[in-house]
Amino acid sequence: MSVGAVREVTQYLTFMLGEELFSLEIARVREVLDYSIITRVPRMPGYMEGVINLRGGVVPVVNLRTKFGMTEGDVTVNTCIIIIEATVNGEQLLLGLLADAVQEVLDLDRESIKPAPRIGTRLDTGFIKGMGRRNDRFIIILDIDRLFSADELGMVQGMRDVTESAWSAEPSA
């Protein structure tokens, strides 16, 4: 095989939101958790579900259905929280993404990914890295670094910091 014939392949974790198939680069995914109790934090935007305890640390959880303007879904046995790494002001931040179900890890080469669709000038699709295809289904590939604005990630980081401060200030029993 010649050097020019080598294809760049990236692995993606695919997951469902309603009937739509989405994916994230597997390198940004830390783990997938079963759905657990999420503690709501007052005065957060509607897409912020709250926080979870992950091995003693506080992790904010985002409801992607709400973030994308989709209808609310019911929590089922397949509902899960995908823990990802995001970067805020040069600092790594763990963030949970609520998903209806995780599907699989799949390999996509660069040639099989098409650019994000242009849907007029009023709809922001900048958070879509591209569209993949698996059999007869399209896969929306999310760009985790563009999914949230710097202000939104800063707010999430602030929520985590405040919650961790309150957590550590609680008297132990």
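Comparison of Leu95, Leu153, Leu106 shows that the only residue that is within 21 Å of Glu25 (Cα to Cα), of a type outside the set (Gly, Ala, Ser), crowded, with 17+ Cβ neighbours inside 10 Å and at pLDDT 75 or above is Leu95. Of all the numbered requirements in (1) under 14 Å from the mean Cα position of the chain (by Cα); (2) exposed (fewer than 12 other Cβ atoms within 10 Å of the Cβ), Gly46 misses one, and that requirement is (1).
Yes/no matrix, rows are residues, columns are (1) farther than 21 Å from Ala116 by Cα; (2) of a type in the set (A, V, I, L, M):
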site	(1), (2)
Thr14	no, no
Leu24	no, yes
Val41	yes, yes
Pro45	yes, no
Leu54	yes, yes
Gly90	yes, no
Val102	yes, yes
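Scanning the range 79-108 for residues that are assigned to a loop (DSSP other than H, G, I, E, B) and either under 17 Å from the mean Cα position of the chain (by Cα) or among the polar types (S, T, N, Q) (or both) yields Thr79, Asn89, Asp100.
Screening the range 109-150 for residues that are in contact with a helix residue (DSSP H, G or I) (Cβ under 6 Å, 6 or more places away or on another chain) and part of a loop (DSSP other than H, G, I, E, B) and picking the one that is modelled with the lowest pLDDT gives Gly126. The residues listed here are Val29, Val58; of these, the one that is more than 30 Å from Gly130 (Cβ to Cβ) and surrounded by 12 or more Cβ atoms within 10 Å (Cβ to Cβ) is Val58. Residues in the range 55-66 that are within 16 Å of the chain's Cα centre (by Cα) and either touching a residue at least 40 places away in the same chain (Cβ under 8 Å) or more than 10 Å from Leu97 (Cβ to Cβ) (or both): Val59, Pro60, Val62, Leu64, Arg65, Thr66. For the residues Thr66, Thr76, the requirement of being more than 20 Å from Phe148 (Cβ to Cβ), of a type in the set (Val, Ile, Thr) and not in a strand (DSSP E or B) singles out Thr76.
Say we look at the range 61-87 and pick out the residues that are within 19 Å of Lys129 (Cβ to Cβ) and surrounded by 16 or more Cβ atoms within 10 Å (Cβ to Cβ); which of these is modelled with the highest pLDDT? Only one residue fits best here, namely Ile82. Out of the residues in the range 38-56 meeting the condition of being assigned to a loop (DSSP other than H, G, I, E, B) and of a type in the set (Val, Ile, Thr), tell me which one is farthest from Glu72 (Cα to Cα). It comes out as Val41.
The values are calculated or read from the model by the stated rules, or taken from the named source; none is laboratory data. Predicted, not measured: the structure shown is a model, and the values here were computed from it. Neighbour counts run over all protein chains shown; Cβ positions are idealised from the backbone, glycine included.
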